[in-house]
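Report on the following structure.
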Amino acid sequence: MLDSVSGSILVIAALILLAVIILAKTAIVVPQQSAFVVERLGKFAGVLDAGFHILTPFVDVVRYKHSLKERALDIPEQICITRDNVQVGVDGILYLKVLNAERASYGIYDFIFAITQLAQTTLRSEIGKIDLDKTFEERGAINVSVVGELDKATEPWGVKVLRYEIKNINPPQDILSAMEKQMRAEREKRSVVLTSEGVRDAAVNTAEGEKQAAIKASEGRKQQQINEAEGQAAAILSIATATAEGIRRIAASIQDPGGYQAVQLRVAEQYIGEFGKLAKVGNTLIVPANLSDVGSLIATAMTVIRQGEGQA
């Protein structure tokens, strides 16, 4: 009886163990952002999304497990040769994501290795198209070119290359020393150029200021001369007007009673006054013979005046 009980216990234990094994093989829990590829008798059967799934015991097998999260793939440093034949060490980081678990499983044996190698070869090709001086400023363009080439190659594999970033560009030490000397010379050149431009601008500003000052001064002198000329013209006009008015008044006074006698008296006074100045001007004089005949001279002057009145 004990033997039969022990045999029954063993059978039950075996059945329980078998049930556990079957349950472990058939009950599958797929984590979030994951995809499991199932094969049935060695042939692709489907892709399991996140959640709980039951497989056919001893028939269905989970062959591949893929994470659908974006992942960063380190691209090891490699030696690249630029267009001007300089060797530089370049490394980077690649961001990719599995979009199709079936193609990622069966499209290529190892897509991680393939993408790494393809990224390195593409990077070498892109670096070889530009000079060393341009590699640092063209990093963005290089990244875009690498992503474009990788994306075309990885599409059949069900993998999407999102972006690529160059981490370091390491030229040889002698090249770095030469570049530092060149940059130092460029900075000194820019400093000299900026200083000379400042001196030039200052000289131009000074010359322009002097030019403007000269123009303003000439305009001021011109306006002054115009004002003086206008003043002199106005003065001459006033004098001429006053003289004409005086002559008209004298002519009118001569016509008044006693005016003619007053003119004779005025002519005699002026003659005597001017005659008295002759000896003061010089020692040698040439005078008319009848200079002492005041009466004849006054008569002559009055004759001229009467003739002027008759013409008027």
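The values are calculated or read from the model by the stated rules, or taken from the named source; none is laboratory data. These numbers come from a predicted model, not from an experiment. In this analysis, Cβ positions are derived from the backbone assuming ideal geometry, glycine residues included, and neighbour counts consider all displayed protein chains.
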Worksheet, complete the sentence: The condition from (1) touching a residue at least 40 places away in the same chain (Cβ under 8 Å); (2) farther than 18 Å from ILE175 by Cβ that VAL86 misses is numbered (2)
Worksheet item: Do we find that GLN78 is part of a strand (DSSP E or B), polar (S, T, N, Q) and at pLDDT 85 or above in this structure?
Response: yes
Discussion item. It is to be established whether one or more residues within the range 167-174 are touching a residue at least 60 places away in the same chain (Cβ under 8 Å) and basic (Lys, Arg).
Written reply: yes
Practice prompt. Filter the range 104-142 down to residues that are more than 25 Å from PRO172 (Cβ to Cβ) and aliphatic (A, V, I, L, M) and give me whichever is surrounded by the fewest Cβ atoms within 10 Å (Cβ to Cβ).
Written response: ILE112
Worksheet item: Restricting attention to the range 41-59, and to residues there that are touching a residue at least 12 places away in the same chain (Cβ under 8 Å) and in a strand (DSSP E or B), which single residue is surrounded by the most Cβ atoms within 10 Å (Cβ to Cβ)?
Response: LEU48
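Yes/no per residue for (1) in the same structural domain as GLY42 (by TED's automatic domain parsing); (2) surrounded by fewer than 16 Cβ atoms within 10 Å (Cβ to Cβ); (3) among the hydroxyl-bearing types (Ser, Thr, Tyr):
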site: PRO76; (1), (2), (3): no, yes, no
site: CYS80; (1), (2), (3): no, no, no
site: ASN85; (1), (2), (3): no, yes, no
site: TYR95; (1), (2), (3): no, yes, yes
site: GLU102; (1), (2), (3): no, yes, no
Fill in: Pairs where the first residue, in the range 180-193, is at negative phi and the second is surrounded by 10 or more Cβ atoms within 10 Å (Cβ to Cβ), C-beta under 9 Å, 6+ apart
GLN182/ASP133
Response to the item:
From the option list SER177, SER145, single residue qualifying as surrounded by 11 or more Cβ atoms within 10 Å (Cβ to Cβ) and under 12 Å from GLU126 (Cα atoms) is SER145
Practice prompt. Go through (1) modelled with pLDDT under 90; (2) outside the structural domain of GLY89 (by TED's automatic domain parsing) one by one and return the number of the condition PHE36 breaks.
Written response: (1)
